[in-house]
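Written out below as structure tokens is the structure these notes cover.
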Protein chains: 2
Amino acid sequence: MLEPLREGALKGVRIVLASGSPRRSQILSHTGLPFEVCPSTAEENLDPARYADRPGGFATDTAGLKAREVAQRLEPSTPTLIIGSDTVVTLDNRLFGKPRDAEHAAQMLAQLSGRSHVVYTGVWLIRLDPALSRPRTLSFSQSTTVHFDHLSEAVIRAYVASGEPMDKAGGYGIQARGATLVQGINGDFFNVMGFPLHLFGRKLYELYDASP
Amino acid sequence: MLEPLREGALKGVRIVLASGSPRRSQILSHTGLPFEVCPSTAEENLDPARYADRPGGFATDTAGLKAREVAQRLEPSTPTLIIGSDTVVTLDNRLFGKPRDAEHAAQMLAQLSGRSHVVYTGVWLIRLDPALSRPRTLSFSQSTTVHFDHLSEAVIRAYVASGEPMDKAGGYGIQARGATLVQGINGDFFNVMGFPLHLFGRKLYELYDASP
């Protein structure tokens, strides 16, 4: 989808993913765009309580903290695109981030069991170019609904013991062992995994005034 | 999801995937079950015209051809589970298999462009056990709806040139570069990739009279 952009407006542009998530790197590699990884060191200190009615805003604003920190640190002198991203899981107006420990992960999974929840991933793009008078930014979020099967205690215990839940919003990874827990989804699979691949492509054309 | 079964009824059972698809191996590995791969050599000669009103049946019956061929060839003397699987793409009551060549792939993609289609994957399970008087089989299919973005000629040309469409039903791979073409799905992502992971888990409990 992004080949015309890669050979056009993005030619020679340095692309920086401001996230250390191996899953986001994997997804972004599907675009065929060359990029480097520079994890943000920004403090993720937004108050979830202020975003109770707009969880997508929480993800987008956190993505903005990450992207801006990397943009300021790199201070690039050549055309550069910075990509920040953040993912949250929501159920009954509560935001689920990464679990604190194994018990917290098991609690999260027990709450998700047998129900549908919504995953929001926010993205913040910064286009830096000496030819532009100022940086151009574009931000957006996308939601995907995930339908969980009923999980027995034995299944939750075994899954938590695998260690997989620990670094993942909501306590599961839809692209690995956690895949077996999910009956189906409504929306973009990669958004659940941590990056809204298709919408990112569309927005990238917009940011560079191009068309696919 | 399958840990209780792995430590229970499936303990010591040899598991054979009757498919050479690297994607199916990858998906099956998410279950945590140990398995070996033995690609079927069965001739896939079913007449699509006879399945026009039930594409899931075409996929399931083709999966059956594969599983039975491998079961007959191996003639196992210890408890064994054979897994056959087949995937088809359908649009307007037509079945799309793998493209014959690059031009055929481009035609398929042009037809899918800007529309929603349905992917069916059929699975055929054979449980062989000397303790049983005869093999037990269980078959099923699952459908997932896939929403394609509008694809320009340039995008189709670049994607076909990447070589990715050639060995895939419908001419695209949702888990790789083709991911950027897809706006979203309704159902199990892995079913589109080639194996209905979640439903397989459920059915496996059924085949071995166990509960998760």
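Just so you know, all these numbers are worked out from the coordinates, no wet-lab data involved. Small disclaimer: the values here were computed from a predicted structure and weren't measured. For neighbour counting, all protein chains shown are included, and Cβ atoms are generated from backbone atoms with ideal geometry for every residue, glycine included.
Summary table below
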quantity	calculated
Relative contact order [Cα under 8 Å, 6+ residues apart], chain A, whole percent	22
Per-residue [θ]222 nm for chain B (sum of -39500 (n - 2.57) over DSSP H runs n ≥ 4, rounded to 500)	-9500 deg cm²/dmol
B:Phe35/B:Met166 FRET efficiency (R0 30 Å; Cβ-Cβ; nearest 0.05)	0.70
Candidate aspartates and glutamates for bridging to A:Lys11, where Cα separation is under 12 Å - those fewer than 8 sequence places away on the same chain excluded	A:Glu3
If the convex hull is drawn through the Cα atoms of the protein assembly as shown, its volume per residue in Å³	137
Anisotropy class of region A:3-207 from Cα gyration tensor, a/c 1.5 cut	prolate
Label distances, nm, A:Gly12 versus same residue in remaining copies, Cβ-directed 7 Å point	6.9
Residue among B:Leu197, B:Thr62, B:Gly184 farthest towards the positive dipole end of chain B, charges placed on Cβ	B:Leu197
Extension gain from A:Ser116 to A:Arg100, taking 0.36 nm per residue of separation minus the Cα-Cα distance	3.5 nm
Contour minus Cα-Cα distance for A:Lys11 and A:Arg73 (0.36 nm per residue)	20.0 nm
Calculated FRET value between B:Thr145 and A:Gln183, using beta carbons and R₀ = 22 Å, to 0.05	0.95
Chain A, closest residue to the rotation axis toward B, by beta-carbon, whole angstrom	A:Phe189, 2
Listed residues A:Ser139, A:Gly97, A:Tyr208: farthest to the positive end of the dipole of chain A (Cβ charges)	A:Tyr208
Estimated dipole of chain A in Debye, rounded to 20 [Cβ of Lys and Arg +1, of Asp and Glu -1, Cα centre]	260
For B:4-10, mean number of other protein chain Cβ atoms within 10 Å	1
Cβ-vector label at 7 Å, B:Arg134, separations to other copies in nm	7.8
Dipole magnitude of region A:1-95 about its Cα centre (Cβ charges: Lys, Arg +1; Asp, Glu -1), debye to nearest 20	200
For region A:9-80 versus region A:83-117, the gap between their alpha-carbon centres in whole angstrom	21
Other protein chain Cβ atoms within 10 Å, averaged over every residue that makes up A:174-186	6
About the Cα centre, charge dipole magnitude for the protein assembly as shown (Lys/Arg +1, Asp/Glu -1 at Cβ), debye	100
Qualifying lysines (Cα of each under 20 Å from Cα of A:Lys168; at least 8 residues distant if same chain)	A:Lys66, A:Lys98
Exam field: B:Gly163 pseudo-label spacings to other copies (7 Å along Cα-Cβ), nanometres	3.5
Peptides ranked, highest mean first, by Cβ atoms within 10 Å: ranges A:52-59, B:130-137, B:174-181	B:174-181, A:52-59, B:130-137
